[in-house]
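Peer 1: Next up is a structure, given as structure tokens.
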Amino acid sequence: MFGGQVIPPSKSPHLRKSGSRPVVFDLDKEEGNVEMEGLLHSTGSNDLKIASLPITTAAIMPSPILLWRFKVLLFFLWGFICCKIGWDSVMRMSVNLRDLFLYEAFLYYNPLLLVTMMVWLWGVNLWVFAQSTISYAKIFDLDQNHLTHREIWKVATWMTIIVPTSMTAYLYLYSHGEVSLAASQPVLLYCAVSLVLIFPFDIFYLSSRYYLLRTLWRIVFPLQAITFADFFVADILTSMSKVFSDLERSVCRMVHRQVATIAWFEADSVCGSHSIGIPIALVLPYIFRLFQCLRQYKDTKEKTTLFNALKYSTAVPVIFLSALKYHVLLDSWTNFYRPLWLLSGVINSLYSFYWDVTRDWDLSCFTRIFKYNKPSLCSYLLHGRKWVYFWVIGSNFILRLAWTYKLSAHLRHNYLTVFTITALEMIRRFQWVFFRVENEWNKMSSKSNLQLSEISSEEDKLLAPNDHNV
């Protein structure tokens, strides 16, 4: 009678589900225990059914590593196809027009290729920050929805696919006589990029796009207090001044319908090599940064910001003295303006190098940026190694000198050399980011530690025993 198996009536709420174990009821126990036991058996049965689903799905879906390898294989296959089609298209052109053909193609796609490269390098920066103890989200005042290095690399991957594909289509169509279709390729690409940036709907990382556009607006119009993100992005834009110069000429030719024509090669044309818009586009990032320094001096009254403003002002003579070659006599350029251009270039390079090492970086002790939270080969090779400092200082000095070449408007026709130097400047800026962000993190940590020590000292004073005579 007691402890026996009881079959409940058909309308009982304690009926077990099909496939579950028999339920044993003790008639001497309360009804609440019976309900709880039935609920446990029902939940266990559901868990068994749910747990059986991933087993079947796992048997169908391939492993993530296999999917990743397949994607990499497709990526390299696509790259090989683009290179093959592009090379065949260039070889179809006559020898006399081949160099001009490549020069124009590089002009339209060089800016976006360099931007793509910078996005890849920024993803590497974020990956290193994520591995170390430096909170870059706190430094840049980012919210919880900020992009991680994986999302940055995803964006860079799509840019790497789209930009060379458009360039390959341009080369193929132009070499096969479809000039009008070829001319539409860079126009469509630039329009698509612009639309993605200003798209108002909540897709394509709306909050991050809004953050970028807001920062660019604050850089162009420094009407408020300058934050670290403001002048950090502005410093990166100075390394991309050649990108802005090529963008100006590309948009100019698109507006005047000179894409895939030889009219643009006339030096005196509105979009030619003598255009005043070229040095203006080159100097704008430095002017923006100069105004930021003046704004910082207005807010903080620190004289250091004035010396920093002087550093950016030294780039102005380099740019405009170089542009004078097209507007003065050859003898005047050779005997007077060219030596001034060389002197201003050396002053700008040395001043910028000095500021990088002594102000932007903190090389008083071994950097902690490569000290990762988990053991890593990269951390073992880079953390606490003296060769890292020798490499960073030496390469920064050499690339600072080479950067003057890029700022020179009269050397822009050597497009492959200028492209290489601009890419090397991106790498120099990529190295600069590590030490600049770490220096800012050290400043923030020291300030917070100082505030904590002041608070603790005040608490000690308040809690200290006082002798009072009553």
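Peer 1: If you take the square roots of the eigenvalues of the alpha-carbon gyration tensor of the range 213-349 and sort them as a ≥ b ≥ c, do you get rounded (a/c under 1.5), prolate (a/b over b/c) or oblate?
Peer 2: Judged from the Cα gyration tensor, the range 213-349 comes out oblate (a/c at least 1.5, b/c at or above a/b).
Peer 1: Something else about it: Tally Lys and Arg at +1 and Asp and Glu at -1 over the other residues with C-beta under 11 Å from the C-beta of Y170: what net charge comes out?
Peer 2: Overall, the nearby charge balance is -2.
Peer 1: For the range 192-309, with all protein chains present and a 1.4 Å probe, just round the carbon and sulfur fraction of the accessible area to a whole percent.
Peer 2: 72 percent
Peer 1: Could you order I65, I427, I226, I347 by accessible surface area, starting with the largest, using a probe radius of 1.4 Å?
Peer 2: I65, I347, I427, I226
Peer 1: Moving on to the next point. Simple spin-label model, 7 Å along Cα-to-Cβ: L350 to L142 in nm?
Peer 2: 3.9 nm
Peer 1: Grab the Cα-Cα distance for D88 and L181, subtract it from 0.36 nm times how many residues apart they are, and report the gain in nm with one decimal.
Peer 2: Here the segment from D88 to L181 would lengthen by 31.7 nm.
Peer 1: Of M93, A169, S132, which is farthest on the positive side of the dipole of the range 85-218, counting Cα position, with +1 on Lys and Arg Cβ, -1 on Asp and Glu Cβ, and the Cα centre as origin?
Peer 2: Highest projection toward the positive end goes to S132.
Peer 1: If I ignore ligands, DNA and RNA and count only protein heavy atoms, how much of K311 is accessible to a 1.4 Å probe, in Å² to the nearest 10?
Peer 2: That residue has around 10 Å² of solvent-accessible surface.
Peer 1: How would T157, T358, T422 rank on accessible area, largest to smallest, probe 1.4 Å?
Peer 2: Correct descending sequence by accessible area is T358, T157, T422.
Peer 1: Moving on to the next point. Apply 1/(1 + (r/R0)^6) to the Cβ-Cβ distance of I276 and A130, taking R0 = 45 Å, and write down the FRET efficiency to the nearest 0.05.
Peer 2: Calculated value: 0.50.
Peer 1: Please report, in debye to the nearest 20, how large the charge dipole of the range 260-360 is about its Cα centre when each Lys and Arg carries +1 at its beta carbon and each Asp and Glu carries -1 there.
Peer 2: Here the range 260-360 has a charge dipole of around 440 debye.
Peer 1: Return one whole number: the accessible area per residue of the range 207-352 in Å², for a 1.4 Å probe.
Peer 2: Normalised by residue count, the accessible surface of the range 207-352 is 49 Å².
Peer 1: Keeping all protein chains in the complex and leaving out DNA, RNA and ligands, what accessible area do you get for W341 with a 1.4 Å probe, in Å² to the nearest 10?
Peer 2: 20 Å²
Peer 1: Using only the Cα atoms of the range 151-193, build the gyration tensor, take square roots of its eigenvalues as a ≥ b ≥ c, and label the shape rounded, prolate or oblate: rounded if a/c is under 1.5, else prolate if a/b is larger than b/c, else oblate.
Peer 2: Oblate.
Peer 1: For R257, R150, write out the residues from largest to smallest accessible area, computed with a 1.4 angstrom probe and no ligands counted.
Peer 2: The most accessible residue leads, giving R257, R150.
The values are calculated or read from the model by the stated rules, or taken from the named source; none is laboratory data. Note that the coordinates shown come from a computational prediction; the quantities given were computed from them, not determined experimentally. Methodologically, a virtual Cβ is constructed for each residue, glycine included, from the backbone with ideal geometry; neighbour enumeration extends over all protein chains shown. What goes into the accessible areas is simple: the full protein's heavy atoms, side chains included, and nothing from ligands, DNA or RNA. Shrake-Rupley method; radii C 1.70, N 1.55, O 1.52, S 1.80 Å.
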